[in-house]
Amino acid sequence: MFAALKDRIWRRIQGWHEKTLSHAGKAVLIQAVVQAIPSYAMSCFGFLGLFSKNSKRCQLIFFGTKGTDGKFIDRHTTILHLEKSVCALDLLKARCRWRIGTGHSVNIWTDPWVLRTPSLRVITPKSSNVHIFYVSELMVAGTGEWDEKLINALFWPEDRALILQIPLSRVGMADLLVWHYSPNGLFSVRSAYHLALSLTSSAGPSNDRWCRNSWREVWQAHIPNKVKLFLWLAIRDILPTVWALSGLRWYDVDSLAWSVEEWFQALTLKLSATDFSLVAMFCWTIWWSRILKLANKPFLLPLQVVEFARNYLSAFNSQGSQHKFIRDGGRALGLGVLAHDSKGACLAWLSLKLDRGGTAEMAEGFAAREAISLALRRRWKQVILEGDSSTLLHKLGSKDMELSVISPLVADIHSLSSQFESVSFSLVSRVCNSAADLLARLALNQSGDSVWFPPGLAVALCGDLAT
């Protein structure tokens, strides 16, 4: 019945074993590409283990066409199906969130509207003497801004920070229910499946599930992805060995003082992030040396394992980390805007600090809206908005429905752009945006409005134009 589906998947994965990808990369290909193909059929039929008969084909992806003796693919890497016991309608109702527009339709105390997972609601109890019920009453009328004094008086600090992070539109958007578990606010089968799977997993006994904080330490560790994949396999006790595949164990689990899972969890609690990364590299290097020995290749001796792991981690850490938008401990956002003409002469600049937390995408959206507002106040007719956020510029140029968290900012930018003769959006590299980045950095250190010409701005502007 599913022959056509299996043939389609097999045609897609042919040739993957020829790609120069790591074990982790190939696992991602299977999970992200192969598992997405039968998603519609999975919503209609339950066929757990569709590829169990094709495990030899999957082995080619991981181990090539030669030398597969003694090597096994993880038997847990199968296409899972959504359990029939999960009610899709209840899942949708419970995990939708109100995207705040005017706020007239959203009840403060009962509706899901704050960016708190999983409840999406405020945790501050309503006092009997409070007669404010709708989100619109928390705004300053006609400004598109939150009434910070009122919010500080009504809510606990945990709720205040989350509320002030929510961008508001100045053009009066309608309140709208959106899907919280996707970046664009649109429902997808993939996001619902992963949500249902996580809910099913978290419903099990706590002593059978690994601590969520411990997993966070593993995935956020500054180590290569292949080492993270190794840790995941080791913690779940599914490393590709003969014993794991056959179900046999050379040890008695009850006789051990520590299981692998308990040992790694203790490491995440007792070690610093740097020491944990080093231990993870030691473990992976031992495993890698074992594979070399089984393949009759030169392998590392114990002292060489320690030296290799230290050097490997040092080389990995020396690679430049990606620049991130600066935030003041999550409590403030720094915005920088610089306007220049076609010859490079500086026409205006803006350095602004927002006393609210938020993501880098929110900061980019606020900065773009301030840039368009600045151009409108100066009565410029033709504007080119340059930025280094590909995500924001894609949203600004897309004609698709926009329901993400920054959709109010996108709507404001489009509304303001209609008042110019021509407006275009251009993506530039971070190297070419150093002057605006400098202004954003200075904004976090200033108190009040700055009126001086920022030191170093002229040099940064010359560098932007030169590149």
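Within the stretch 240-247, does at least one residue satisfy the condition of being at pLDDT 80 or above and open to solvent by 60 Å² or more (accessible area, probe 1.4 Å)? No - not one qualifying residue is present in the stretch 240-247. Scanning the stretch 408-426 for residues that are over 14 Å from Val383 (Cα atoms) and modelled with pLDDT under 90 yields a count of 0.
Annotation note: Cβ proximity below 8 Å between a residue of the stretch 122-145 that is more than 15 Å from Arg160 (Cβ to Cβ) and a residue that is assigned to a loop (DSSP other than H, G, I, E, B) and open to solvent by 80 Å² or more (accessible area, probe 1.4 Å) (sequence gap 6+ or interchain) occurs for Tyr134/His104; Ser136/His104; Thr143/Arg170; Gly144/Arg170.
Scan the stretch 263-278 for residues that are touching a residue at least 12 places away in the same chain (Cβ under 8 Å) and either among the charged types (D, E, K, R) or surrounded by 14 or more Cβ atoms within 10 Å (Cβ to Cβ) (or both) and the total you get is 7. Is at least one residue of the stretch 384-404 farther than 18 Å from Val337 by Cβ, touching a helix residue (DSSP H, G or I) at 6+ places or on another chain (Cβ under 8 Å) and part of a loop (DSSP other than H, G, I, E, B)? Within the stretch 384-404, one or more residues are farther than 18 Å from Val337 by Cβ, touching a helix residue (DSSP H, G or I) at 6+ places or on another chain (Cβ under 8 Å) and part of a loop (DSSP other than H, G, I, E, B). Of the residues making up the stretch 302-346, those that are surrounded by 14 or more Cβ atoms within 10 Å (Cβ to Cβ) and at pLDDT 75 or above number 18. Remark: pairs (first residue in the stretch 426-441, on the phi > 0 side of the Ramachandran plot; second residue hydrophobic (A, V, I, L, M, F, W, C) and not in a helix (DSSP H, G or I); Cβ separation under 9 Å; 6+ apart in sequence or on different chains) are absent. Each residue in the stretch 266-302 was checked for being more than 21 Å from Asn317 (Cα to Cα) and assigned to a loop (DSSP other than H, G, I, E, B), and 7 pass. Selection of first residues in the stretch 222-243 that are within 15 Å of Trp288 (Cα to Cα) and of second residues that are of a type in the set (Val, Ile, Thr) and open to solvent by less than 30 Å² (accessible area, probe 1.4 Å), restricted to Cβ pairs under 7 Å at least 6 apart or on distinct chains, gives the following pairs, ordered by first then second residue: Lys228/Val218; Leu231/Val218; Pro240/Ile73.
The sole residue among Ser214, Ser191 that is within 29 Å of Ala32 (Cβ to Cβ), of a type in the set (S, T, N, Q), in a helix (DSSP H, G or I) and at pLDDT 80 or above is Ser191. If you go through the stretch 126-140 and keep only what is in a loop (DSSP other than H, G, I, E, B) and over 13 Å from Asn107 (Cα atoms), you end up with Ser127, Ser128, Asn129, Val130. Taking the criterion of being in a loop (DSSP other than H, G, I, E, B), open to solvent by 20 Å² or more (accessible area, probe 1.4 Å) and of a type in the set (S, T, N, Q), the only residue of the stretch 141-181 that qualifies is Thr143.
Is it the case that Asp388 is among the acidic types (Asp, Glu), open to solvent by 60 Å² or more (accessible area, probe 1.4 Å) and either under 21 Å from Val428 (Cα atoms) or modelled with pLDDT under 85 (or both)? So Asp388 fails the test. Of everything in the stretch 416-436 that is surrounded by 16 or more Cβ atoms within 10 Å (Cβ to Cβ) and under 30 Å from Leu177 (Cα atoms), the residue that is nearest to the chain's Cα centre (by Cα) is Phe425. Residue check: is Trp349 touching a helix residue (DSSP H, G or I) at 6+ places or on another chain (Cβ under 7 Å), farther than 19 Å from Asp437 by Cβ, surrounded by 13 or more Cβ atoms within 10 Å (Cβ to Cβ) and modelled with pLDDT of 80 or more? No; evaluated as a whole, the condition is false for this residue. Restricting attention to the stretch 355-371, does a residue exist that is among the hydrophobic types (A, V, I, L, M, F, W, C), modelled with pLDDT of 85 or more, open to solvent by 30 Å² or more (accessible area, probe 1.4 Å) and touching a helix residue (DSSP H, G or I) at 6+ places or on another chain (Cβ under 9 Å)? So far as the stretch 355-371 goes, no, none of its residues is among the hydrophobic types (A, V, I, L, M, F, W, C), modelled with pLDDT of 85 or more, open to solvent by 30 Å² or more (accessible area, probe 1.4 Å) and touching a helix residue (DSSP H, G or I) at 6+ places or on another chain (Cβ under 9 Å).
Regarding Ser127, is this residue modelled with pLDDT under 90 and either more than 20 Å from Leu176 (Cβ to Cβ) or surrounded by 13 or more Cβ atoms within 10 Å (Cβ to Cβ) (or both)?
Numbers: modelled with pLDDT under 90: yes; either more than 20 Å from Leu176 (Cβ to Cβ) or surrounded by 13 or more Cβ atoms within 10 Å (Cβ to Cβ) (or both): yes.
Yes; evaluated as a whole, the condition is true for this residue.
Residues that are without any contact (Cβ under 8 Å) to a residue 60 or more places away in the chain, under 15 Å from Asp412 (Cβ atoms) and of a type in the set (A, V, I, L, M, F, W, C) within the stretch 364-382 comprise Ala368, Ala371, Ile372, Leu374, Ala375, Leu376, listed in sequence order. Give just the number: which of (1) of a type outside the set (Lys, Arg); (2) open to solvent by less than 30 Å² (accessible area, probe 1.4 Å); (3) at negative phi does Gly397 not satisfy? Here Gly397 meets the rest and fails (2).
The values are calculated or read from the model by the stated rules, or taken from the named source; none is laboratory data. If you're wondering where the values come from, they're calculated on a predicted model, not measured in any experiment. Because the Cβ atoms are built from the backbone with ideal geometry, glycine has one as well, and the counts that use them run over all protein chains shown. With ligands, DNA and RNA removed, areas are computed over all heavy atoms of the protein, side chains included. Shrake-Rupley method; radii C 1.70, N 1.55, O 1.52, S 1.80 Å.
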